[in-house]
1. Hey, any hits in region 87-107 for a residue that's in a helix (DSSP H, G or I), touching a Lys or Arg at 6+ places or on another chain (Cβ under 6 Å) and of a type outside the set (Phe, Trp, Tyr)?
2. Looking only at residues in region 68-113 that are out of contact with any helix residue (DSSP H, G or I) (no Cβ under 8 Å at 6 or more places or on another chain), charged (D, E, K, R) and in contact (Cβ under 8 Å) with a residue 12 or more places away in the chain, which one is surrounded by the most Cβ atoms within 10 Å (Cβ to Cβ)?
3. Name every residue in region 51-97 that is out of contact with any Phe, Trp or Tyr (no Cβ under 9 Å at 6 or more places or on another chain), closer than 27 Å to Ala109 by Cβ and aromatic (Phe, Trp, Tyr), in order of residue number.
4. Run down Ala75, Ala40, Ala32, Ala15 and say which single residue is at pLDDT 60 or above and part of a loop (DSSP other than H, G, I, E, B).
5. Could you grab me the full set of residues in region 91-127 that are over 19 Å from Gln46 (Cα atoms) and polar (S, T, N, Q)?
Amino acid sequence: MAAMSNPYEDQAQPADPNQPNPYGPGGYPPGAYPPGPYGAPQPHPQGTTVLVLGILGLVVCFIPGIVGLVLGNRALREIDANPAAYNNRQNVVVGRILGIIGIVWQVLAILAYVLILVLALVASRGA
């Protein structure tokens with residue numbers, strides 16, 4: 001029976017620093033992308049904007065929430081069309097959700113204000 005060889009022995013040894021790099025000056029094998037603007041996924045340009053507008057829609061008023069929701073929907077369509085190009089889908093989704101929560105919150109607050117106003121008018125006429 002033949003002796004089994006160790007598969008880890010065939011691994012390439014570290015390159016001699018005096019020898020030229022076989023892959024060229026960049027050091028990347030053919031077909032591999034170096035890290036940079038075209039190699040790795042980039043954040044979507046509107047990702048942070050959507051997140052900030054969603055937070056403002058939650059804290060300030062519903063108008064930034066509406067804008068954040070519209071921009072977030074557009075950004076999500078672009079991210080879903082080319083998922084390998086963008087890496088901040090989570091920021092866009094969180095911004096959209098905060099925008100929706102802000103809109104719902106403000107609408108409920110306006111309805112509560114109108115209800116209190118109507119109840120106050122009814123109570124003042126009955127007295």
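1. No.
2. Glu78
3. none
4. The conditions single out Ala40.
5. Gln106, Ser124
The values are calculated or read from the model by the stated rules, or taken from the named source; none is laboratory data. Because the structure is a prediction, the values reported are computed rather than measured. Reconstructed Cβ throughout: ideal geometry from the backbone, glycine too, with neighbour counts over all protein chains shown.
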